[in-house]
Structure formats: C-alpha cells, structure tokens
Amino acid sequence: VPLPDADLGPDTAFCFGDAFSKTLNPGTFNSYQWSTGDTTQTIVIGAFDSAYAVTVTDSTGCVNSDNISVTENSLPNPNLGADTSYCEGVTFAVALSPGGFQQYQWSDGSTGPILLVTQGGYYEVTVTDVNGCVNTDDLLVTELPKPMVNLGPDVTLCEDSSFSITLDASAALP
C-alpha cells in the first residue's frame, strides 16, 4: 500500500507589513495532526515567520507527513540621502541613486536606477527587491533665491574733499 501523499505546496514568503494569509490543505485523509495542535483538514496561517508540519493518516492506517516554511522578507531600504538645496543662478546637477534593486519607479515616470536632477522639486522613488518587496524614499531639492545686497544710494564727492562712509554689504531682506 503506498503512503498517503500529503502536500502542503512549496515553501513561501511574504514581505514585512503585507497582509499575508494562506490556507494549508494537505489533501483528503482520515486524520490530521498539525504542528500547531490542530486536527482539522485545513488551517489558515497568517503573517508569521515560521514552519508548519502536518502528519496525515489514510483509510488503511498508513501515515505520512509534509512541511512548509513561511519566511518574512524585510523591506528594501532605498536611500536618496538628505534633502538638499542650491542657490539660484548656479548650475545644479545631482545623480540620485537609491541603491541596487530589481526595479525602480521614479515620480517623473522613469524606471532607471539613476535619476539626474537639475532643478528644485520633490523626487520620489519606489523600488522592488529580488523578493518582490517594495519600499519608497523621497528627497526635496530646494532652489534658494539670490541674496539682495544694497550698499545704499550713490555718493557724489567734490575733488579734494575728504569724507568718511561705512558700507554694509550684508544681505538685505527682499
């Protein structure tokens, strides 16, 4: 008499924070003994990093078992760095690279691993790693206005006259 063929399927994984749920069903047999203590034909598992096993008994009294491993994958950690700024009128260019991942989706619609930024704005990237897990990072680039400098009104002097003037070149508020 062949052994019963209990089959829980292949090992599986889920990403941290995902709403993961799976019904484990080894097939139709006379009795079931799960590693969780359950004795039903099926059990529903949730988002727990664990291993599950079932021992089944068929109508002839033959016994066999199967197990499945459930793994919680951590989220990828894209890093665009700290928010940054540059001064108006200065040529600005920075290459944003969140790190090495399988897929990239930038807020401007591009999908490459690097985004060349040449102006101020809000930039966001969503990355997908080899496990299919997804995470996002963002960066704000701010263009700072040119400072206003006012040395005061022009001064007219007569030849051979002496004068004293204090010039203040500190930035004035607009």
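Summary of computed values
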read-out	value
Dipole of the range 92-171, positive direction: furthest Cα of ASN131, MET148, GLN102, with charges on the beta-carbon	ASN131
Heavy-atom accessible area per residue - the chain, 1.4 Å, Å²	65
Accessible surface of the range 95-144, 1.4 Å probe, proportion on carbon and sulfur as whole %	48
Those Cys residues of the chain for which no other cysteine Cβ falls under 4.7 Å	CYS62, CYS87, CYS158
Normalised contact order of the chain, rounded percent, pairs of Cα under 8 Å and 6 or more residues apart	17
Inter-label distance, nm, simple model (7 Å from Cα along the C-beta direction), SER59/LEU140	7.0
The range 13-64, relative contact order in percent, only Cα pairs under 8 angstrom and at least six apart counted	37
Label-point separation in nm, SER74 to GLU124, each point 7 Å along Cα→Cβ	2.5
Cα convex hull of the chain, projected area averaged across orientations, nm²	17.7
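The values are calculated or read from the model by the stated rules, or taken from the named source; none is laboratory data. Model, not experiment: these values are computed from the prediction. We place every Cβ from the backbone using ideal geometry, glycine too, and count neighbours over all the protein chains shown. Just the protein is used for accessible areas: all its heavy atoms, side chains included, with ligands, DNA and RNA removed. Shrake-Rupley method; radii C 1.70, N 1.55, O 1.52, S 1.80 Å.
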